[in-house]
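Written out below as structure tokens is the structure these notes cover.
What follows is calculated from the coordinates using simple rules that are stated; it is not laboratory data. Computed from a predicted structure; not experimentally measured. Cβ coordinates were reconstructed from backbone atoms using ideal geometry, including for glycine residues, and neighbour counts include every protein chain displayed.
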Amino acid sequence: MKGTDAKPQPELSSWDCSTAVFRFLEHAMNSFAFERDFSDSLRCIPMSVRFKLDRCGIKLSLRQWSRLVLTERKWLSTSPCDGPAEIAAMRLALAEMIERIPGETVKRLEDTPDAVWTSRSVPPEISHQCFALGIAQPTRAQWSGLTELQRFALVKLTREGHENANFLPATAEFGLVRADAVTV
């Protein structure tokens, strides 16, 4: 229109749109497709909650998780834990929830794990797991394009002592390998 100060809108590529939609859905659902078989019932600790626990520096066992009432588990799954104030509020709420469980005490993470998922470079544990599975490791651009929660999930899925069966489905869900390359 003549005489208006309307600014042209930037064009979004299909990748930008699909990434934005995925990030919105990831936040809204608070769980990944690879963990849906147990996350809908909240019988296991979803990655989104594990991420919050690491941020808060609190260790929560599966036994403690299962002893929380469902409304507390839902609250932990859906509440934000991004900035310092939210992290402090989450830490306080978690401590109160755990202390209400008979015979349970709050356990702090001895060493807050290095946040290797925040690195701009693909962490070695991701490279090793990809090599072990015979898949290409993510490029630096692919790694940077993942959300912090997606990177956290992949790092957690490489840890020793954990069943790493969900690593390959997670890489497919995050667009790092073709979905048809994953056999369940």
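If the chain between residue 127 and residue 78 were fully stretched, how many nm would it gain, using 0.36 nm times the residue separation less the Cα-Cα distance?
14.5 nm
What fraction of the Cα pairs in the stretch 114-181, stated in percent, has a spacing above 19 angstrom?
Value for the stretch 114-181: 20 percent of Cα pairs lie more than 19 Å apart.
Please compute the net charge surrounding residue 143, taking Lys and Arg as +1 and Asp and Glu as -1 over other residues with Cβ under 10 Å from its Cβ.
Every neighbour counted, the sum reads +3.
Would you mind computing, in nm to one decimal, how far apart the modelled labels at residue 116 and residue 99 are, each placed 7 Å from Cα along Cα→Cβ?
Once both label points are built, they end up 3.5 nm from each other.
Each residue of the stretch 61-72 in turn: what ³J(HN,Hα) in whole Hz from Karplus with 6.51, -1.76, 1.60 and θ = phi - 60°, glycine and Pro shown as x?
Once θ is set to phi - 60°, the couplings for the stretch 61-72 become 7, 4, 4, 5, 4, 5, 8, 6, 6, 4, 5, 5 Hz.
Taking amide H positions as placed in the peptide plane 1.01 Å from N, state which residues far from residue 59 in sequence (5 or more) or on other chains have amide H under 5 Å from it.
107, 108, 109
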